[in-house]
Structure formats: structure tokens, C-alpha cells
1. Does any residue of the range 490-508 turn out to be part of a strand (DSSP E or B), open to solvent by less than 70 Å² (accessible area, probe 1.4 Å), touching a residue at least 24 places away in the same chain (Cβ under 8 Å) and not hydrophobic (A, V, I, L, M, F, W, C)?
2. Scan the range 357-406 residue by residue and report those that are acidic (Asp, Glu) and open to solvent by less than 60 Å² (accessible area, probe 1.4 Å).
3. Of all residues in the range 539-560, how many are open to solvent by 30 Å² or more (accessible area, probe 1.4 Å) and not basic (Lys, Arg)?
4. Of the residues Val283, Val333, which single one is among the aliphatic types (A, V, I, L, M) and exposed (fewer than 13 other Cβ atoms within 10 Å of the Cβ)?
5. If only one of Val53, Val41 is in a helix (DSSP H, G or I), of a type in the set (Val, Ile, Thr) and buried (at least 18 other Cβ atoms within 10 Å of the Cβ), which one is it?
6. Strands (runs of 3 or more DSSP E) wholly in the range 378-435 with at least 2 residues that are without any contact (Cβ under 8 Å) to a residue 40 or more places away in the chain, of a type in the set (A, V, I, L, M, F, W, C) and over 24 Å from Leu219 (Cβ atoms) - which ones?
7. For the range 200-223, what are the residues that are in contact with an Asp or Glu (Cβ under 8 Å, 6 or more places away or on another chain), more than 13 Å from Val303 (Cβ to Cβ) and assigned to a loop (DSSP other than H, G, I, E, B)?
8. Under 6 Å between Cβ atoms, at least 6 apart or on separate chains: pull out the pairs that start in the range 206-218 with a residue that is of a type in the set (Val, Ile, Thr) and end on any residue that is open to solvent by 60 Å² or more (accessible area, probe 1.4 Å).
Amino acid sequence: MSTTLEPDVIRRAVLPHGALVRRQLAAVRRQLRRHLVCEGVAWVIGVAALLIVVSFIVDRWLRLEPGARLALLPMGIGLLVATIYFRLVRPLQLPFADLDLAVIVDRHLPGVGQRVANVLQLPTLLDADPAASPSMIRAAVLQQSRELGQLDLRAPFNGDRFRLLSAAILIPTLILVCAAMLWPNTATIWAKRWMLGSPQRWPQHTYITVVGLDDQNRLHVPRGESIVLEVESRPRFAPRAEGWTLPSRGTGLTVWHPSEPRSEIPDEVRIRFRQNGSLKQGVMTQFTNTRFRYELPPVEEPVKFSLTGGDDWLGPIIVEPLDRPGIKDLQLVSQAPGRSEQDTHTFASQDSQLLFLPGTKLELLLTSDLPLESASLVSSVGEVPSFERNDDTHYVARWEMSESQTFEIKLVDAQANLASKPYFISLNLLQDRVPRVTIRSTGVGRRITPLATIPISLKAIDDFGLTAAKIEIEQTVVKEEKPEAELHEVAVTLPNASPTEAPREMDADQRVSLKEYPIAPGNTIRLRGTANDNRAQGTQVGQSRWLTFQVVTPEELFYEILMVQRAQREKFRAALETEKTLSLAFESAIESEELSGLNRTHQVATRQVSQIANRLDATLQEMSLNDLGSTQAREILASGIITPMRELQRTPMASLRGLLDQLAAEPNRSSELVPKATAVSKEVVDSMSRILDRMAQWESFVDVLNQVRQVIQMQNQVLDSTQKTKTERVNSLFDE
């Protein structure tokens, strides 16, 4: 009985000691798992920090595009996941049995593993081996248990290793956190680029843009034309909710910065492009402080190019050739003021100037060969009309002509906003000028008699026709002891014109008789011509200069004319003396050397006779127009003096000149020609002597006439005085 109960008793006796050891091992297990977690977290944080640092360095150095970052990101995530699995998840999945823990602890505390095994495994021999001694098992378990109770099995997992693991966790974490706090912009950009796949770039020193680049990285250019690429190295950024964006870079560029970035001008901008299967490179030309230019050859098919400048790059950019919009048809419809008809002007072969009156209504009709985004008129002066859109290809602009302008027509196509070639039209203002009027008097001088008739020549010209013309006569009269100007008008008949068109020119001769206007000697009269034009906005009146005449008594003017005639008589007398000298020279021996001198002398005399005749004719006309002298006296002057003088010039004097010319040309015929010249010279002298006598007789006749006229005037004055006295006496008798 005792032998069967003893193993159970012993098992119960050693059981508390095994539980105590298991509690110690459980504490070791917890500590070990804590160490494994710290170690795994340290590995994960270390790998993550390493990935962050490496990605930052590589990205800042190589400036990876989103595609490259998208390819590298899974590799980094995979490495981090593998680290988490192998360094954290998998170690925590280990069961860590009691004996396994004993083996682990035994590495640091030799002998502990055997003691743990004795405490946990010796009681099992009571059931497995009947020959085993229970007392010995009990003694061994108690002894090993006491020894284990005196040991701290967690000691190997405390101390420096745990502190190192904690430092391995905290130090990288603190470094990353501090770096993010010190350089938040850099951390934000890194996170956006790697975590969100953002195209936002790292801060650069240089930013370049392509002028005219659209959002699809395409540059539309005219087909078949040379292309001038322009690159701006100091572009303007546009603010966004976060950071700044840079347009004209295809899909755009976003830069996170508290203030607007400022681009540095690169030393050079390089271009690479492929055309006709060959790769070409070039350096752009800097034509302004911030802009670079490069001329590409004409393209018919799309071409790709890339740019690099400073620490910036751009591309590939597609150059896509398109046809420029053009003008298919262009017409200008005009309606002049005052007209209901419209005129249409085309520009296909327009060589002459387009001239329009102010107020002309204009309508420009444009038809393009491509659908348009917009059509506009540009002018540097004046108000510019705008096009009205009828449809994609038809536009119309309406305005009223007010000044000369040159318009540039700009067309922008609807497909790619490609502008047309410059097309210019010039519209000039046609000023309806005031009629140009000129007036001229003939036959009279500036001194006239109250009975004079003034011949007037009136000319008028206007751009668009004349409607009326007249001569204005202004005389000064005294009313209430104050001089006042009275204006009289003489209508002038316009030349015949078509029923629908007024004459544009007028050349009229008009005689103005002063007999119709009581003008006293000593007054002044003025004459001028006026003309009205054919103008729709209101008639314009053109005026000539004033012709001023001084009204004198007939006696005073007649005396002046006689003085002129006497002066002409003296000139005629001198010419006669010249001809007498010439006649005497013919009677003496004439040398060939003297012929040229005689010829010049005769020419001077002939010219003097012609001038005298003209001047006397002018005095005769002035006498007739001013009603001076009698009709008989004027006929004597004309038929007895002026007409013979002209006959003298035309016949004998012209014959004498011809003979002198023959003598100068043929001196060997002097014996034949000298007698003829002598006879003609005598005839000239005789004729001039008779004319000179008639001039003296005419002057005496005029003197007699003037004396008779003065006697008649005196008699008339006496008669008037007598009649006035008689009337006064008769009136006085009736008054009494």
C-alpha cells in the first residue's frame, strides 16, 4: 500500500517547485518577446530610415521622374515588409517552450538549462520508469528548485542590450522627426513625391519655360515655316493653395515654397531633337537678358525636342505643325453720307487707295478658310471696331469713318489657337475740303471811277461739286455819321452738269458795273468770290481773297492815264531816235563787224514798240471800262495810234530784222541787201514819225475835250446853283 502511494505523494510534493520554475520561465518568455519586439521595431525603423535617406539622396541627385519613383517605390516597400516579417512578425510567432527557453538562458547562464530540465522532467520518470527512486527524484527536484530560485533568469535580457535596442528605435526616429521639423518644406516635398507620386519638383536654381507650350506638352507651329523657339529663364510663378505653379511647361510644375521662387539665368540652354531620323543638338542664342532663342528648320511632320538649362530640364515636347488660318474672302461695303446706294470694295487686287468721307458707314465682311477661335482688328490710333461672329468662319465689323486708320486683321484658329499671318488694310479719310475760289480782275487798275465796269474772272474747284457761286461787293457808306459796310451780291451762273452730278469746276467771266451802286469818289469797294459745295453734312462756303479798289473822280483817273500815255510817247520818241540812227548807219559804209550790233539795236527798238503798244492798249481798255473820254477819242487812239503801231511792228520792222539776219549770215550779199535794208529802215522811220505826230495830236484833242467838259461842268454847276437859289426863294415866299 505504501509503495503505491509514494509516487503520488512525491509528485504532489514536487509540483509546486515545477510551477515556480514555469513562472520564472514565463517571465523570461515575456522579457524575450519584449526584446524581440524592440529588436524588430529597431530593424524596421532602421530600414525605413535607410530607405528614406537613400531615396532622398538619390531623388535629389538624379531628380527622378514619377515613373522611376513608381518603379523604385515597390522595391522599398517590399524590403520594408520583408524586414517586418522576418524581424518582427516571424520571431513573435515562435512558441518558446519551457525547455527552449532553458536552452536560451543556458547560453548566458551555464547550467541553468540542466537544472530547469531536472525540475520539469524528473517527476515524469515516476510514471515512465517504475524502478526510479521517488526519494531521489524528490531530493533532486528540491535541490535544483532551490538553486533556480536563487537565480534571476531574466538577467540576460536586461541591461545594455535593451538600452541599445531602445536607442536604435529612438535615435533614428528622433533624427527623422527633427529633420522634418527643421526642414518641413523638404519633408513635405519628399512625402508628396514618394508617397503621393506628385510631379512636384525639388527646389531648383533655374526654371525654364517654353513660350506657347500648351497643357499637353505640344507646341503648335505653322506648317512649312521656320520655327523660332523661345525659352524664358525667369518666368512668373502663379500662386496655388499649396506652393507655386509654373505654367508653359506642359503638365505644369508645382514648387512648394513660402515665397515666389526666383529663377537664376543659366549660362546656356541646350536643345536636343530628332528630325529625319537623325539626332541633332544645339545651343540656344540668348537674345535678351532672360530669353533664349533657337530656330528650327521648317517642319511638315511632328518633331520632339528636349531642353536643359542650369539645373532644370524640360521635355520631351512635341512640335506639331498645323496650317495657319487665312482669309478666304474679304469685302468692304461703304455707304457715303447722303447716299442710299452702297459700294463694295474687294481686296483681291486692290491697288488704289481706299478713301472715304467722314461719316461714311463701313461694313467689313470676312470669311476664313478654317474655323476660328477669334477674329479681331488692331490699330494703333483711334477707336477700333470689333468683329461680330456669324459662325465659325464668317465675321462682320461695322463702324463709321472718322479718321484715317490702318488695321491689322488677326485670326486665331479654333484647333490650336494658331495666329494667322499679319494682314493689313489701310482706310484713308477723304476730307471734303472747302471750295477753292480765286478771283482776278482785268482791264482796270486799283483806282477806278464811280461809273466803272470791272471785268471779273472767277474760278472755283470742289472735290464733290459746286451748287452755287456769286460775287460779293462790299462798299463803305456813312449812316448816322458812322461808316458801315454794305454788301451786294452778283450771282454767277454755273456751267451745265449732268442732272445727278454737280459741276466740280467753274471758270466764269463776269462784268460788275458800278453804275448800279451809288458810290462817291473817295470811297473804297472790295470784291470777292464765293462758292457753295455739294456736302451732305452741311454746305461749306469757300471764299476768295478780296480785290480792293479805290474810287476816284474821272478827272483824276484820266489825268493819271494821260501821264502814262505821255511816258509811253517819250519811250516811243526814244525808239524813233534809235531807228533814225540805224537808218543813218545804212547810208554810210557798213562793215560786217557792225551788222551784229545793228541787229541787236533794231531788236531792242522793236521790243520797245511792242511794249508801248501793249501799254497803250491797256490804257485804252481802262478808259473804256471807266467811261473816260469820248467814244471818238477812244476810236482815234485805237485806229490812229495803236493799230498803226502794231502794223509797224508786224510788217516793216519785221522785214528789216529779216534783212539784218540775212546780212549777218551772208555778208557777201551786202551789195544786194543793204539797199533794201536802207529803204525799209526809212519806211520804219517815216511810219514812226507819223505815229508820233498822231500821239501829240491825240493828246491835244483830249486836252480840248477836257477843257470843253470842264466848261460844261462849270455851266452845269452854275445852273444847279441858280436853280437851287430860285427854289429857296420860292419856298421862302410861301413860308411867309
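1. At the first step, the residues of the range 490-508 found to be part of a strand (DSSP E or B) are 490-492, 505-508.
Subsequent filtering for residues that are open to solvent by less than 70 Å² (accessible area, probe 1.4 Å) retains 490, 492, 506, 508.
When the remaining residues are screened for being touching a residue at least 24 places away in the same chain (Cβ under 8 Å), the result is 492, 506, 508.
After this cut, where a residue has to be not hydrophobic (A, V, I, L, M, F, W, C) as well, the list is none.
So far as the range 490-508 goes, no, none of its residues is part of a strand (DSSP E or B), open to solvent by less than 70 Å² (accessible area, probe 1.4 Å), touching a residue at least 24 places away in the same chain (Cβ under 8 Å) and not hydrophobic (A, V, I, L, M, F, W, C).
2. Across the range 357-406, the qualifying residue is only Glu363.
3. Residues flagged as open to solvent by 30 Å² or more (accessible area, probe 1.4 Å) and not basic (Lys, Arg) within the range 539-560 amount to 13.
4. Numbers: Val333 fails: exposed (fewer than 13 other Cβ atoms within 10 Å of the Cβ).
Result of the check over Val283, Val333: Val283.
5. Numbers: Val53 fails: buried (at least 18 other Cβ atoms within 10 Å of the Cβ).
None of the others qualify; the one that does is Val41.
6. Hits in the range 378-435: 394-400.
7. Here is the first cut: in the range 200-223, the residues in contact with an Asp or Glu (Cβ under 8 Å, 6 or more places away or on another chain) are 202, 204-212, 218-223.
In the following step, the residues that additionally are more than 13 Å from Val303 (Cβ to Cβ) were identified as 202, 204-212, 222.
Listed by number, the residues that qualify are Trp202, Gln204, His205, Thr206, Tyr207, Ile208, Val211, Gly212.
8. Filtered contacts from the range 206-218: Thr206/Glu264; Thr206/Gly310.
The values are calculated or read from the model by the stated rules, or taken from the named source; none is laboratory data. No experiment lies behind these values; they were computed from the predicted model shown. No Cβ is skipped: glycine too gets one built from the backbone with ideal geometry, and neighbour counts run over all protein chains shown. Each accessible area value is taken on the protein alone, full model and side chains, heavy atoms only, with ligands, DNA and RNA left out. Shrake-Rupley method; radii C 1.70, N 1.55, O 1.52, S 1.80 Å.
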